[in-house]
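Some notes on the structure that comes next.
The values are calculated or read from the model by the stated rules, or taken from the named source; none is laboratory data. If you're wondering where the values come from, they're calculated on a predicted model, not measured in any experiment. Virtual Cβ from ideal backbone geometry, glycine too; neighbours counted across all protein chains shown. All accessible areas refer to the heavy atoms of the entire protein, side chains included, with ligands and DNA or RNA removed. Shrake-Rupley method; radii C 1.70, N 1.55, O 1.52, S 1.80 Å.
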2 protein chains.
Amino acid sequence: MSARPSERAGRTTGSHGHGDGSAAGPAHAAPHRLRHAPSQPARAKQLRRHNLALVLGEVAAGGRPTRAQVAARTGLTKATVSTLVDALAAHGLVLEGDPDRGLVGRPGLPLVLDPGGPAGLGVEVNVDYVSACVVDLTGTVRTARLVPCDNRHLERLAVLDAAARVARRCAAEARRAGLTVAGVGIALPGLVGLDGILHRAPNLPGWDGLDVAPALAPLLEALSPVVASDNEANLAALAERWYGGDPSNRDFVHVSGEIGVGAGIVVGGALWRGARGLGGELGHVTVAPGGDRCGCGARGCLEQLAGQEAILRAAGVSVRAATALGTPDGSVQELLRRARVGDQRTLAALARAGTALGVALAGLVNVVDVPVVVLGGLYAELAPWLADPVRAELEARVVGFAWSPTELRVSRLGGHAAVRGAAGAVVQAILADPAGSYPAMLDAS
Amino acid sequence: MSARPSERAGRTTGSHGHGDGSAAGPAHAAPHRLRHAPSQPARAKQLRRHNLALVLGEVAAGGRPTRAQVAARTGLTKATVSTLVDALAAHGLVLEGDPDRGLVGRPGLPLVLDPGGPAGLGVEVNVDYVSACVVDLTGTVRTARLVPCDNRHLERLAVLDAAARVARRCAAEARRAGLTVAGVGIALPGLVGLDGILHRAPNLPGWDGLDVAPALAPLLEALSPVVASDNEANLAALAERWYGGDPSNRDFVHVSGEIGVGAGIVVGGALWRGARGLGGELGHVTVAPGGDRCGCGARGCLEQLAGQEAILRAAGVSVRAATALGTPDGSVQELLRRARVGDQRTLAALARAGTALGVALAGLVNVVDVPVVVLGGLYAELAPWLADPVRAELEARVVGFAWSPTELRVSRLGGHAAVRGAAGAVVQAILADPAGSYPAMLDAS
């Protein structure tokens, strides 16, 4: 875990929840904008806010620095670092010592992020499941749950209710472990605008135009405010950036294969959302102009050749409401079983999907010029069969390939990257600006 | 013309030329980076540099403001504005008065950019022509020349020589008009890295890996330094941004159709280059996976269906080394003639090209989410026949279309947008940071 607090978390949609009323609860105050030269006290607060983030960033970068090392790296005096560390520790953000060995709270010991501090709750509504998870400040998943359900055939309210139920259960488990849920992030299977509204969900057409955060928040029963609401592919890409195990991987596209197919583009370590936040819709890039009709209305979209249901159909596996995580008897597990035993129809289906995916990804790389492609979600599980055809198309079709080959990687995050990214967006927002979440830190001295 | 100096010009590749030795010549100094708190005089210089750009920006934004209006808009005192305007006027960047009516140099009169001040020289090497133009500070093209030549069958040095010859001729004409060429921008038909190197030119394979600026500069005979070297589609998009007539158009993709097809993506008013500067290669996005072999080695690239030569072949027009600008008897003119008289084969070829272009553009819009598509270059001339099929594919395939329709526009810049962008990059760099080009401005007080 070495998330850098300087990187943007998911978009903030304002506080739709009720707050838990506790003194420790984050305020999610908007960053104060200073139009003119600030007065002396305002300037001191601004400086302290900046320095709190700086010190927390040094701790979050890992390496277990001492107060003295943080002072040396930031250029702040040891005395300043000490007051800042005290404030961060008082709000449960950093710990001194080695919690595994029972050594905590002694000055001079290494500083780490507090795994018992504020945590983020992620909630995901996808096409064939709802899920939730809790991520602590260090990025560790403390609890995660997934409930398969065919949301295309359920009322919106029933789906929101199911999502809220699994979220409340995760939050209760987190509380029993001593954690405080500081905020909620929501992952959605469609185009989410910068305003947080789900403008279009090709696979859940009844949801078009819904502002999910205020609809979901009351069902969470005063858990905590909703701080982020975003497309699931974007959040999965952020999870890969924050928790994928390679902090040097700052420029890549992460492609999530589920029933829908989406891409998250990360450039310079931050999510690149396009002009209006709706980019990355790789699943609706045309691969076969005269091909099958897609849920979006067009013909020959990538989803119709390489989406989960398209692969299952082509392999002759019955399409049930099932998914890759927690349902060992589901359709995807049957697909994997057949692939492992070398079933010809399954192998042909996977080869066809890999070729289509490679064609679409090559187009994306030609347009946005990212050096690395990461296969995530279902595609990570299917990588033993997809990687070769994807790589072949990238090599043949990326125009700069001979000069700089596109690298193909497989995500290690498994099938719940999006909900982990939704939870992570909450804690990343705290790490990036701790005093923005806990304004009381600015009053201490 | 209302270019905003805050927008980035083309990439700077360092000074490869010899400079013209005149005192008025710009220095193209790298922006000085101040790591620590600057000393008092350094801070004063830094402030003056910032304020010079601020004042010049107000003048460049148009509306002919007086000194008093500039002071009111920038928050600077009238005395400060006056010393800054004097420095800008002394270096030929601003004029007071109405040059058309012979009223210049009187304080209190409106301020405009000086059309007789420093100018940019653009040079373009494309597949079937070389060209050059000179753009003054106001963005007006003062002279432009194009020489058709089949560069695929010529030695590199002969092509560079032809380009240098046309450039020297334009520069001489500009000098006779009283202009000073302040720098050179180069437009190239391929992947240009952030280092200015032409890494790959699918239609000019012998040029792969060439650093064109130092190869061309000596042939320009001490004209002026090369300050920008970039892909022609990027520079054409910047020309559309700066000189396209709609300063409110800040988020768009501009697609240039020539023998090669390229896109320039503008987001928030600035060119978006992808992770490493090689993005926008729309011509090599796959439209028909099993289609014709492309110059890049792949099959079914957009260029093979909608590039200039592909359209000519499909229409049955002989493909000669000819182009849209200045060669009325060329193949493109013959194509236009046949289209106007309703030749069925030509109309079918254009419909097919428009459909392919629409499919590729829809994929780009799905991935990068720009609200506006601008047809440029050859596509602007062919827009009467291409617009309908392009629009139909965008409507059918852009997944967010129903919520927010993609708008299709036609560039009014004509066939020489790229070379105009190359010249414009020189003057935009001066407008964005006048003291960076003329450090002597910082010494005055």
- [ ] Determine whether B:GLY400 is crowded, with 20+ Cβ neighbours inside 10 Å, within 25 Å of A:VAL261 (Cα to Cα) and in contact with a Lys or Arg (Cβ under 7 Å, 6 or more places away or on another chain).
- [x] yes
Task: Filter result for A:ALA239 (over 24 Å from B:ALA396 (Cα atoms) and either touching a strand residue (DSSP E or B) at 6+ places or on another chain (Cβ under 8 Å) or open to solvent by less than 10 Å² (accessible area, probe 1.4 Å) (or both)) - done: yes
- [ ] For the range A:290-305, state whether one or more residues are more than 10 Å from chain B (Cβ to nearest Cβ), open to solvent by less than 10 Å² (accessible area, probe 1.4 Å) and closer than 27 Å to A:ARG340 by Cα.
- [x] no
- [ ] Return only the number of the condition from (1) under 28 Å from B:THR138 (Cβ atoms); (2) modelled with pLDDT of 95 or more; (3) charged (D, E, K, R) that B:GLU393 does not satisfy.
- [x] (1)
- [ ] Check A:GLU395 against each of (1) more than 19 Å from A:VAL261 (Cα to Cα); (2) more than 10 Å from chain B (Cβ to nearest Cβ) and name the one condition it does not meet.
- [x] (2)
- [ ] Give B:VAL267, B:VAL212, B:VAL285 a once-over and let me know the one that is touching a residue at least 24 places away in the same chain (Cβ under 8 Å), of a type in the set (Val, Ile, Thr) and assigned by TED's automatic domain parsing to the domain that holds B:ASP150.
- [x] B:VAL212
TODO: Go through the range A:408-445 and give me each residue that's in a loop (DSSP other than H, G, I, E, B) and farther than 21 Å from A:ALA380 by Cα.
DONE: A:ASP433, A:TYR438, A:ASP443, A:ALA444, A:SER445
Open item on the list: Just checking, does the range B:157-176 include any residue being among the small types (Gly, Ala, Ser) and touching a Ser or Thr at 6+ places or on another chain (Cβ under 7 Å)?
Closed with: yes
Task: Extreme residue, surrounded by the most Cβ atoms within 10 Å (Cβ to Cβ), among residues of the range B:403-415 that are at pLDDT 95 or above and of a type in the set (S, T, N, Q) - done: B:SER411
Task: Which numbered condition B:PRO5 fails, given (1) at pLDDT 50 or above; (2) in a loop (DSSP other than H, G, I, E, B) - done: (1)
Task: Criterion: within 21 Å of B:VAL419 (Cα to Cα) and of a type outside the set (S, T, N, Q) - qualifying residue of B:VAL285, B:VAL261, B:VAL317 - done: B:VAL261
- [ ] Give me the pairs, please: first residue somewhere in the range A:389-407 and in the same structural domain as A:GLY358 (by TED's automatic domain parsing) and closer than 18 Å to B:PRO289 by Cβ, second residue anywhere and of a type in the set (A, V, I, L, M) and open to solvent by 20 Å² or more (accessible area, probe 1.4 Å), beta-carbon distance under 8 Å, and either six or more positions apart or on two chains.
- [x] A:PRO389/A:ALA351; A:VAL390/A:LEU408; A:ARG391/A:LEU408; A:LEU394/A:LEU408
Task: Any hit, the range B:309-320, residues being among the hydroxyl-bearing types (Ser, Thr, Tyr) and either more than 24 Å from B:VAL147 (Cα to Cα) or open to solvent by less than 20 Å² (accessible area, probe 1.4 Å) (or both) - done: no
Task: Number of positions in the range B:40-81 that are out of contact with any strand residue (DSSP E or B) (no Cβ under 9 Å at 6 or more places or on another chain) and in a loop (DSSP other than H, G, I, E, B) - done: 5
Open item on the list: Among the numbered criteria (1) part of a helix (DSSP H, G or I); (2) among the acidic types (Asp, Glu); (3) farther than 30 Å from A:LEU111 by Cα, which one does A:ASP195 miss?
Closed with: (1)
Task: Criterion: assigned by TED's automatic domain parsing to the domain that holds A:ARG241, surrounded by 15 or more Cβ atoms within 10 Å (Cβ to Cβ), closer than 25 Å to A:TYR243 by Cβ and at pLDDT 90 or above - qualifying residue of A:GLY57, A:GLY17 - done: A:GLY57
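Quick check on the range B:341-359. Is at least one of its residues closer than 24 Å to B:ASP230 by Cβ and either open to solvent by less than 50 Å² (accessible area, probe 1.4 Å) or free of Cβ contacts under 8 Å to residues at least 60 places away in the same chain (or both)?
Of the residues in the range B:341-359, the ones closer than 24 Å to B:ASP230 by Cβ are B:357.
Subset that is either open to solvent by less than 50 Å² (accessible area, probe 1.4 Å) or free of Cβ contacts under 8 Å to residues at least 60 places away in the same chain (or both): B:357.
Scanning the range B:341-359 turns up at least one residue that is closer than 24 Å to B:ASP230 by Cβ and either open to solvent by less than 50 Å² (accessible area, probe 1.4 Å) or free of Cβ contacts under 8 Å to residues at least 60 places away in the same chain (or both).
Restricting attention to the range A:345-382, report how many residues are assigned to a helix (DSSP H, G or I) and either closer than 20 Å to A:GLU232 by Cα or within 14 Å of chain B (Cβ to nearest Cβ) (or both). Quick ask: steps written out before the conclusion?
Narrowing the range A:345-382 to residues assigned to a helix (DSSP H, G or I): A:345-368, A:378-381.
Still in the running and either closer than 20 Å to A:GLU232 by Cα or within 14 Å of chain B (Cβ to nearest Cβ) (or both): A:351-368, A:378-381.
The number of residues fulfilling the criteria is 22.
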Open item on the list: Restricting to the range A:259-272, name every residue that is open to solvent by 20 Å² or more (accessible area, probe 1.4 Å) and more than 7 Å from chain B (Cβ to nearest Cβ).
Closed with: A:GLY268, A:ALA270, A:LEU271, A:TRP272
- [ ] Return a yes/no flag: does the range A:174-187 have any residue that is out of contact with any Cys (no Cβ under 8 Å at 6 or more places or on another chain), closer than 26 Å to B:GLY274 by Cβ and within 14 Å of chain B (Cβ to nearest Cβ).
- [x] no
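With the structure loaded, tell me whether B:ALA402 is at negative phi, within 14 Å of chain A (Cβ to nearest Cβ) and outside any strand (DSSP E or B) or whether it fails that test. Break it down stepwise before answering.
Numbers: at negative phi: yes; within 14 Å of chain A (Cβ to nearest Cβ): yes; outside any strand (DSSP E or B): yes.
For B:ALA402, the condition - at negative phi, within 14 Å of chain A (Cβ to nearest Cβ) and outside any strand (DSSP E or B) - is met.
Can you spot a residue in the range A:421-428 that is open to solvent by 10 Å² or more (accessible area, probe 1.4 Å) and at pLDDT 95 or above?
Within the range A:421-428, the first condition is being open to solvent by 10 Å² or more (accessible area, probe 1.4 Å), and the residues that meet it are none.
No, the range A:421-428 contains no residue that is open to solvent by 10 Å² or more (accessible area, probe 1.4 Å) and at pLDDT 95 or above.
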TODO: Would you confirm whether any residue within the range B:205-218 is closer than 17 Å to B:GLY421 by Cα and within 14 Å of another protein chain (Cβ to nearest Cβ)?
DONE: no
Task: Counted residues, the range A:232-255 - those being out of contact with any Pro (no Cβ under 9 Å at 6 or more places or on another chain), of a type outside the set (A, V, I, L, M, F, W, C), more than 15 Å from A:ASP369 (Cα to Cα) and within 14 Å of another protein chain (Cβ to nearest Cβ) - done: 2
